[in-house]
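What follows is a single structure, written as structure tokens, with notes after it.
The values are calculated or read from the model by the stated rules, or taken from the named source; none is laboratory data. If you're wondering where the values come from, they're calculated on a predicted model, not measured in any experiment. Because the Cβ atoms are built from the backbone with ideal geometry, glycine has one as well, and the counts that use them run over all protein chains shown.
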Amino acid sequence: ITPQLLASTPDRKFLRVGSDEQYRTTNLVTGLPRTLTVSLSTEFPAAYVTAIDEAIRRYNAANLQLKFTRITTGTADLPVKYSANLGSGVLGQSGGFPTNGNPAPGFTLVPSVIGNQTTNAIATIMAHEMGHCIGFRHTDYMNRAYSCGRKGQGNNEGTAGVGAILIPGTPSAPDPNSWMLACVGTNVDRPFNANDVTALNYLY
């Protein structure tokens, strides 16, 4: 956690996505309507260009007040950085959560760990990391075993003192397909489902 994040005063929301009431600190991007720029390191294979465009398309198709566009020159709000290694089995890493009304400064991906996955699967990973950058935490943060199995060891990522705001229209049954689940399998495509769209529209 950066000193800037510790010093910030985030918006705090209570989201219910799936069957469990999920407390989270939601640091929001402000100044809406707003368009965030995204750039992709030239070190990535060509398939990643198609994938980031698909991730951007998914967000923009949700008709939010927060839009995304990819740039190839200049400094982006969300630079997607290349890494050869972030640790065993780590696909990517976000830059944190929004501070001072701005998104986290992009994220890093590891193509050698992601491997030869489909474009939509890579887009799912990218959309997930973009979700962190604009304030979303893992849907199953209270029990990562929900999506990670034994790998997650049932870890609770922890909560903070938060307000309690319930998103209307979300189901009482478990939602195993959210794009913000902590873990994702190989070649799994998780476009935004109805619950994800509800959460996105509530925040943005």
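Below are the figures for this structure:
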read-out	value
Selection count where residues are buried (at least 18 other Cβ atoms within 10 Å of the Cβ) and among the hydrophobic types (A, V, I, L, M, F, W, C), scope region 78-99	4
Of all residues in region 181-202 being among the β-branched types (Val, Ile, Thr) and part of a helix (DSSP H, G or I), the one that is surrounded by the fewest Cβ atoms within 10 Å (Cβ to Cβ)	VAL197
Single residue of THR9, THR42, THR75 found to be assigned to a loop (DSSP other than H, G, I, E, B), surrounded by fewer than 18 Cβ atoms within 10 Å (Cβ to Cβ), out of contact with any strand residue (DSSP E or B) (no Cβ under 6 Å at 6 or more places or on another chain) and modelled with pLDDT under 95	THR9
